[in-house]
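Every number here is computed from the coordinates shown, using simple stated rules; none is lab data. What you see is a predicted model, and the numbers here were worked out from it, not measured in a lab.
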Amino acid sequence: MRATARGGGGVNAAGGERAAAAGLGGAGQAPPSVLLADDHGMIREGLRMILETHGVTVVGEAGDGAAAIRNAAALRPDVVLMDLRMPGVDGVEATRRIVADGSAEVLVLTSFDEDELVLAAIRAGAAGFLLKTTEAAPLVDAVRRVAAGEGVLDPRVTRRALAALAQAPQSTAPAPLPGLEQLTARERQVLDAMRAGRSNAGIAARLGISVPTVKTHVSSILVKLGAENRAHAAALARDAQLDAGVGATDDPRPERRASGGGSVRER
């Protein structure tokens with residue numbers, strides 16, 4: 001039985017493990033569990049109503065970063081839904097601590113004026129980013145995907161954050177990205193799609209490969225680049241100012257020769 005905590009205070013009781021197959025919400029499977037971290041009680045209450053209405057379990061709340069760190073460690077939710085601007089310990093530092101402790105995945109809710117904080121949260125290890133204006137259905141879908149091990153990058157957040165990074169003054173040429181030379185051509189294409197904020201399903205459709213194959217490529221990319229998660233990998237790629245690898249042709253799937261002399265696409 002999972003404990004529940006509310007507000008910025010402590011936890012009523014601790015216990016329980018991460019939900020099995022979190023985020024899938026199918027029959028016989030536990031729904032994803034979420035800790036809400038925001039310094040506005042009305043926002044937490046609204047998020048709780050949306051999530052619980054859609055079958056997501058809200059196991060606790062936190063009114064500041066310090067409470068988020070404590071409650072995440074005690075409750076071990078699948079996802080912490082994190083506000084970046086909170087009193088005391090802010091959301092970026094709370095994200096860094098929660099990810100480093102392995103307490104939960106962090107899904108950030110951000111505003112249009114928080115580009116620098118978003119970049120900091122990416123480097124802190126957040127697994128996903130959504131705008132606070134996101135509708136209920138995409139929010140719930142993002143929670144489920146992050147709980148299931150995927151990353152979520154709202155394209156609007158990605159574009160603004162990367163644009164802010166591009167406008168930052170640079171006194172030297174971008175540093176080479178360690179591990180980049182180890183990526184295969186396909187992994188470079190997957191990395192570019194990750195930078196564009198595509199989901200695993202979106203990447204699979206774009207490249208004409210299966211979702212399990214995409215997941216294998218993503219895992220390999222993270223290992224080779226030494227990235228914490230896909231958001232971190234996308235930030236590393238942008239820091240290195242990599243050229244786009246997807247979109248140069250209408251069909252990015254490389255051809256290989258078939259035994260009959262024709263050509264087939266990779267699956």
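At a glance:
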{"quantity": "Nonlocal amide H pairs with residue 153, under 5 Å, H built at 1.01 Å", "calculated": "129"}
{"quantity": "Tensor-based shape of the range 77-143 (alpha-carbon gyration tensor, a/c under 1.5 rounded, otherwise prolate or oblate)", "calculated": "oblate"}
{"quantity": "In order through the range 51-63: 3J(HN,Hα) via Karplus (6.51 cos²θ - 1.76 cosθ + 1.60), integer Hz, x for Gly, Pro", "calculated": "5, 5, 4, 9, x, 9, 8, 8, 8, x, 9, 8, x"}
{"quantity": "Shape category assigned to the range 33-166 from the gyration tensor of Cα positions, a/c cut at 1.5", "calculated": "rounded"}
{"quantity": "Calculated from backbone phi, Karplus (6.51, -1.76, 1.60) coupling profile of the range 194-205 in Hz, x at Gly/Pro", "calculated": "4, 4, 7, x, 6, 6, 4, 5, x, 5, 4, 5"}
